[in-house]
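Every number in this text was worked out from the coordinates using simple rules, so none of it is lab data. Since we're looking at a predicted model, the values are computed, not measured. Ideal geometry is used to build each Cβ from the backbone, glycine not excepted, and the neighbour counts take in all protein chains shown.
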Amino acid sequence: KTKYSKLIFRKSDTVPEELHRLVQESFLTLREHNCFFQDLVRIKGKDFLTPVSRILIGNPGCTYKYLNTRLFTVPWPTESCDIKYCSPQIHDACKALMKLNDYLHIEAVKALQGQNSFETKEIKDTTVIDREQSFTTSLTEQGSVSKDQSGVCVPEDDIILKNRTSYNLTLLNYMDPLQMLYLKQEPYFGMGNMAVSWHHDENLVERSAVAVYSYSCEDSAAEESNGQELKGRDPAVWHVGLKVAWDIETPGLAIPLHRGDIYLMLDELNMTHQHCVLAGLTPRFSSTHRVADCSRGTLEYIFGQCELALQNLQTDPDSMALSLKSLETAVVKQVEEIHNEVEFEWLRQFWFQGKRYLKCTDWWLKPMAKLEEFWRKMEIMTSLVLSEVRKEQQNEEQRNETISCFLLVLKERQKLRKEWTAR
């Protein structure tokens with residue numbers, strides 16, 4: 001009640017049957033079309049293939065970054081966006097997941113409102129009790145409440161609730177544990193095989209809710225195991241594990257996940273706690289809905305950055321020769337940093353792994369071609385800076401300052417190009 005109060009669990013029978021049907025069909029469709037992929041992620045300078053296969057679906061132009069890997073959304077169908085899918089079945093699958101997204105948004109808002117009203121009532125009740133106690137006892141009680149109920153919410157504005165629950169994408173996961181040669185053992189509580197190790201979800205809007213729909217392909221082996229008397233968790237059944245971050249004294253929690261179950265991680269739970277996924281015996285899909293922090297992760301953002309950089313490029317109307325408007329250190333530095341961002345956070349990330357999404361849609365090809373055009377112009381701008389600083393008439397102090405900042409960015413570019421070539 002105190003350590004895991006922000007975890008909300010919903011059994012499958014609380015979810016509309018039609019929604020179950022649509023979502024579960026969409027999982028199977030995407031698997032049949034080979035749309036789930038293992039990600040090559042980078043941890044402490046080394047590359048690893050994830051044991052779980054994934055696909056990102058969400059708002060057009062959104063991306064999600066985790067473990068130095070940027071995933072690009074297969075856009076779900078929106079009226080404002082013309083999206084051509086590779087097949088009608090993939091269109092229907094993306095549409096079903098958008099319906100699930102809307103449903104989970106409403107559920108998360110209800111859960112937060114319910115929790116806020118419960119905690120407000122609890123605070124009022126505590127105040128009434130405290131009035132009847134001695135001053136010393138009152139102080140003691142208040143201390144214990146604040147310790148156990150860290151992060152007590154006050155009633156929040158509807159707009160804030162909406163922002164923290166307006167999911168802009170879902171990361172779909174698929175794993176067949178029997179296809180895995182080796183799975184790590186959960187190290188702290190003896191919970192068994194882990195499909196996903198202890199972690200916080202990255203790149204999310206602060207205090208936003210995470211909602212997860214779980215679908216395990218249960219079979220007779222799992223059902224038989226469920227009927228047995230077992231000590232600890234049933235190894236045939238998938239579980240979500242939760243623990244207080246950096247605390248192995250407080251008991252961990254392992255909750256069984258059956259076909260169509262849902263859980264919500266509300267408010268700051270994703271930051272104060274870590275979660276893992278404990279493998280069962282049968283294949284499992286999940287749809288994990290997030291409010292990704294897209295402040296630097298949308299096409300709108302990166303196109304805006306490119307336009308900002310290209311403001312320093314001008315064309316002579318007569319000769320059509322290109323030149324730079326300014327050689328001020330701050331301007332040159334800003335342009336070259338955007339140049340690096342376009343190349344290493346977008347173009348190389350996309351062509352390294354993003355092109356596999358062509359199995360679903362070619363939606364990203366046009367914006368990527370546009371980004372490449374911007375990048376080529378920025379390559380010209382780099383050459384123009386080099387030409388200018390070589391000129392003898394340049395003020396020496398200005399030239400040295402420009403070269404110093406310019407070299408730092410170029411060295412970073414060279415280092416990253418070598419890293420990406422090696423990958």
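Things worth noting here:
- Whole-Hz couplings from phi, Karplus 6.51/-1.76/1.60, listed for the range 266-283; x for Gly and Pro: 8, 6, 8, 3, 4, 8, 7, 10, 10, 10, 9, 10, 9, 6, x, 9, 10, x
- Nearest-20 debye value, the range 299-422 charge dipole, Cβ charges on Lys, Arg, Asp, Glu: 700
- Highest GNM mean-square fluctuation among GLU397, GLU336, GLU412, for the chain modelled with Cα contacts below 10 Å: GLU397.
- Sorting the segments 188-198, 363-373 by their mean number of nearby beta carbons within 10 angstrom, highest to lowest, gives 188-198, 363-373.
- Pairwise Cα distances in the range 177-221 exceed 16 Å in 62 percent of cases.
- Between 0 and 90°, nearest 10: helix 365-390 axis offset from the chain longest Cα axis: 50
- Note, ³J(HN,Hα) from phi for the range 328-333, Karplus 6.51, -1.76, 1.60, rounded to Hz, x at Gly and Pro: 4, 4, 4, 5, 4, 4
- Part-to-part distance (alpha-carbon centres) for the range 195-214 and the range 317-351, which is given in Å: 35
- Net charge of neighbours whose Cβ lies under 12 Å from the Cβ of ASN68, counting Lys and Arg as +1 and Asp and Glu as -1: +2
- Radius, Kirkwood style, for the range 299-422 when every pair of distinct Cα atoms is counted (Å): 15.8
- Along each principal axis, Cα extent of the range 1-112, largest first, Å: 42, 40, 28
- Built amide H within the under 5 Å cut-off of VAL74, gap 5+: LEU56, ILE57, GLY58
- From the C-alpha gyration tensor of the chain, square roots of 5λ in Å: 46, 29, 21
- What you get for the chain, charging only the Cβ of Lys and Arg (+1) and of Asp and Glu (-1), is a dipole of about 980 debye around the Cα centre.
- Sequence-distant lysines (8 or more away, or on other chains) whose Cα lies within less than 20 Å of LYS65: LYS44, LYS46, LYS355
- Helix 17-32 and the longest principal axis of the Cα set of the chain meet at an angle near 50°.
- Taking amide H atoms as placed 1.01 Å from N in the peptide plane, the amide H of TYR66 lies under 5 Å from those of LEU71, each 5 or more residues away in sequence or on another chain.
- Vicinal HN-Hα couplings computed from phi for the range 344-356 (Karplus, 6.51 cos²θ - 1.76 cosθ + 1.60; Hz; Gly/Pro x): 9, 8, 10, 5, 5, 4, 5, 6, 6, 9, x, 5, 4
- Here's how it looks for GLN38: its modeled amide H is under 5 Å from those of ARG54, which are all 5 or more places away or on a different chain.
- Those lysines that a straight Cα-Cα span of less than 20 Å connects to LYS359, excepting residues fewer than 8 apart in one chain: LYS84, LYS95
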